[in-house]
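Here the structure is laid out as structure tokens; the discussion comes afterwards.
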Amino acid sequence: MSSKKYASPLRVELKPSIVLFAIMAALHVLAVALIWKLSLSEFWQWSLSSLVLVSLYFQSMHHGLRLSNRAVVALEWDEDDQWILQLRGGERLPAQLSRDSFVQSALLILNFKVDGQWLRRSVVIPCKNGSCQPFRQLRVRLKLTGQRREPELA
């Protein structure tokens, strides 16, 4: 971190988001509607629709409603630039923030490389009207420490 002024530990508790759940549900329903507009056999329409609905269930449990034991319910960012992801099941995972995280005024999508795991973990943090205090602190700190980067194009 370039400045120790902003080096105090930051903890952000993540709550379930009905707005995020509604957006995810609408997008998944739109995907199912588009599948049924395609000229596929009924078998493939049912199969693909089922996959989309399974995706909705898992994404909702993980990101929107945060009811899964593997859902991230808190983030900790300490003065040494180390991240800890707190899972609903009680597990604490050390992680590094990826360069391709998305930071905007009403939405953060933080991508993490978790130590010892090959899959990355994403944390979606919505905020209505951008006035949520922990959300703002996290967004400002990401910007001030230079970790707010545009995604790299391959």
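The values are calculated or read from the model by the stated rules, or taken from the named source; none is laboratory data. Since the model is a prediction, treat every value here as computed from it, not as a measurement. Note that we place each Cβ from the backbone using ideal geometry, even for glycine, and neighbour counts take in every protein chain shown.
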Residues of the stretch 104-123 satisfying the condition of being of a type in the set (Val, Ile, Thr) and over 11 Å from the mean Cα position of the chain (by Cα): VAL114
Which listed residue, of LEU85, LEU48, LEU97, is more than 17 Å from VAL123 (Cβ to Cβ) and touching a residue at least 12 places away in the same chain (Cβ under 8 Å): LEU48
GLN59 outside any loop (DSSP other than H, G, I, E, B), crowded, with 16+ Cβ neighbours inside 10 Å, on the phi < 0 side of the Ramachandran plot and out of contact with any Pro (no Cβ under 6 Å at 6 or more places or on another chain): yes
Which numbered condition GLU79 misses (of (1) touching a Pro at 6+ places or on another chain (Cβ under 9 Å); (2) not in a loop (DSSP other than H, G, I, E, B)): (2)
Close pairs (8 angstrom Cβ cut-off, 6 or more residues apart or separate chains): at pLDDT below 60 in the stretch 133-154, surrounded by fewer than 16 Cβ atoms within 10 Å (Cβ to Cβ) anywhere: ARG149/ARG99; ARG149/ASP100; PRO151/ARG99; PRO151/ASP100; PRO151/PHE102; GLU152/ARG99; GLU152/ASP100
